[in-house]
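Working notes for the structure below.
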Amino acid sequence: MIDKEEALAYHKNGRCGKIEVVATKPCKTQKDLSLAYTPGVAEPCREIQKNPKLANIYTARQNLVAVITNGTAVLGLGDIGALAGKPVMEGKGVLFKRFADIDVFDLELDTRDKDKFIEAVALMEPTFGGINLEDICAPDCFYIETELKKRMNIPVFHDDQHGTAIISGAALLNAVELSQKNICEIKVVFSGTGAAGTSCAKHYIALGVKRQNIVMCDTKGVIYKGRPDIAGTPKEEFAVETNDRTLKEAMRGADCFAGLSAGGIVSKEMVLSMNKNPIIFAMANPDPEISYEDATSARKDCIMATGRSDYPNQVNNVLGFPFIFRGALDVFASDINEEMKLAATLSLANLAKKGDVPTSVLRAYNIEKIEFGKDYIIPKPTDQRVLVDVSLAVAKAAVKSGVAKEPISDWSQYEKQLWELAKKIHG
């Protein structure tokens, strides 16, 4: 476990914070400085003015992502404000660099005005190759992402929504296969109707779950048709005809529970009421909706995933966003669309079934063997194959769906480049 003093010392000692800007060109001699700045810098400026596409050659733009928040929904801390959210945004930058060699500027915008936020981000399009929205409260996050995607010609991706959906979607596909169920027939019960819960539900539908088989629950109970307080809200989209009014009632006979809410709200009794071979995704962090020990002791036949690293099947967004952006940036995509998200999910699901997990991963987790099964339904973040497989799948989906501004002509060469990058990153 990490204690308070250790965490504070980590962020304070040495150079404060977790990130820095490093020059990528020589800057030692007088000539170096003249090339880096005046007068030499005028030449790429003139070329970019004539042809804006050249900014991706003469600047760092195409490998630079903005991680942007207003601090209204930070991790499990809630609305702590833009400044207090900065350590998290720096941390996100570390993950982008560590797993996909993507550079990041973190930007904390001190506003709760949705339209001001949108205007500020849109005006920065010349600076970045992509936008990662982070820790913005619902329902504001839906409006902000939608409007920015309309206005900007670079990828805009709200990871709190789509990251969890993509990773848990891969887990769902493999859990359904292992439990010998049909994804078109399973009943899925959600606890949590925020950004992640809503996006997961939509993504599961794209994967084959029938909308009428999804029951959404918030703090007041089941989202049912006719519930007075949901009229005119985003929740109304998921209202179903049912006599169930509580989470406990909804979970009776369910095949899958997807928790994106709060710790400790699911009991052993509720798990026992689920269908045969239940799929339990208790993803609240740091405390799952039901503990791994309680769920697995109540149901030996369950397949379980959590958001924690100390149990099998961690639904960790780092399995998604670095590699999704890597593939999108490498083809100069104008968007991260549904086709690209589905490609990422399918790639992760398939990778878990490939076998031959690298020795470095086994060492990192102190495990002798990892193979596809109920304790391994999604890959580990330290597996270098994730970078190659997911980035390649996303890039191909971008080209096929028509959002790639610079399609790749030689896919085998691109895959080779990804392997070289993976080896550089993982050593």
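Here Rg and Dmax of the Cα atoms in Å was calculated from the structure, and among (i) 22.4, 77; (ii) 21.8, 69; (iii) 23.8, 75 it sits at label (i). Amide H to amide H distances under 5 Å link Val156 with Ile131, Ile336, where only residues 5 or more positions off or on other chains count and H is placed in the peptide plane. Sorted from greatest to least, the principal axis extents spanned by the alpha carbons of the stretch 103-161 come out as 26, 21, 21 Å. Is the shape of the stretch 282-325 best called rounded, prolate or oblate, per the rule: a/c under 1.5 gives rounded, else a/b larger than b/c gives prolate, else oblate, with a ≥ b ≥ c the square roots of the Cα gyration tensor eigenvalues? Here the stretch 282-325 falls in the prolate category. The alpha-carbon atoms of the stretch 147-304 define a convex hull whose volume equals 112 cubic angstrom per residue. Here's how it looks for Gly259: its modeled amide H is under 5 Å from those of Ser191, Phe281, Ala282, Met283, which are all 5 or more places away or on a different chain. Alpha carbon centre of the stretch 1-51 versus the stretch 120-152: separation in Å? Here the two parts' Cα centres lie 25 Å apart. What shape does the stretch 351-427 have by the C-alpha gyration tensor, where a ≥ b ≥ c are the square roots of the eigenvalues, rounded means a/c under 1.5, and otherwise prolate means a/b greater than b/c and oblate the rest? Prolate is the answer for the stretch 351-427, as a/c is 1.5 or above and a/b outweighs b/c. Dipole of the chain computed with +1 at Lys/Arg Cβ and -1 at Asp/Glu Cβ about the Cα centre; of Gly320, Asn132, Ile118, farthest Cα towards the positive end is Gly320.
Residue ranking by accessible heavy-atom surface, 1.4 Å probe, largest first, among Leu123, Leu392 comes out as Leu123, Leu392.
DSSP finds beta bridges in the chain, and of those with both partners inside it, around 15 percent are antiparallel. When the chain is treated as a Gaussian network with alpha carbon springs shorter than 10 Å, the biggest mean-square fluctuation among Asn63, Asn317, Asn366 belongs to Asn366. Under a model in which nothing but the beta-carbon of Lys, Arg (+1) and Asp, Glu (-1) is charged, the chain shows a dipole of about 700 debye around its Cα centre.
The heavy atoms of Ser360 offer some 60 square angstrom of accessible surface to a 1.4 angstrom probe. What separates the Cα centres of the stretch 163-194 and the stretch 361-410 is a distance of 19 Å. Under the rule a/c < 1.5 gives rounded, and otherwise a/b versus b/c splits prolate from oblate, where does the stretch 71-212 land using the Cα gyration tensor? The shape class here is prolate.
The values are calculated or read from the model by the stated rules, or taken from the named source; none is laboratory data. Source: prediction; values computed, not measured. For neighbour counting, all protein chains shown are included, and Cβ atoms are generated from backbone atoms with ideal geometry for every residue, glycine included. To get the accessible areas, we keep the full protein, side chains included, count just its heavy atoms, and leave off ligands, DNA and RNA. Shrake-Rupley method; radii C 1.70, N 1.55, O 1.52, S 1.80 Å.
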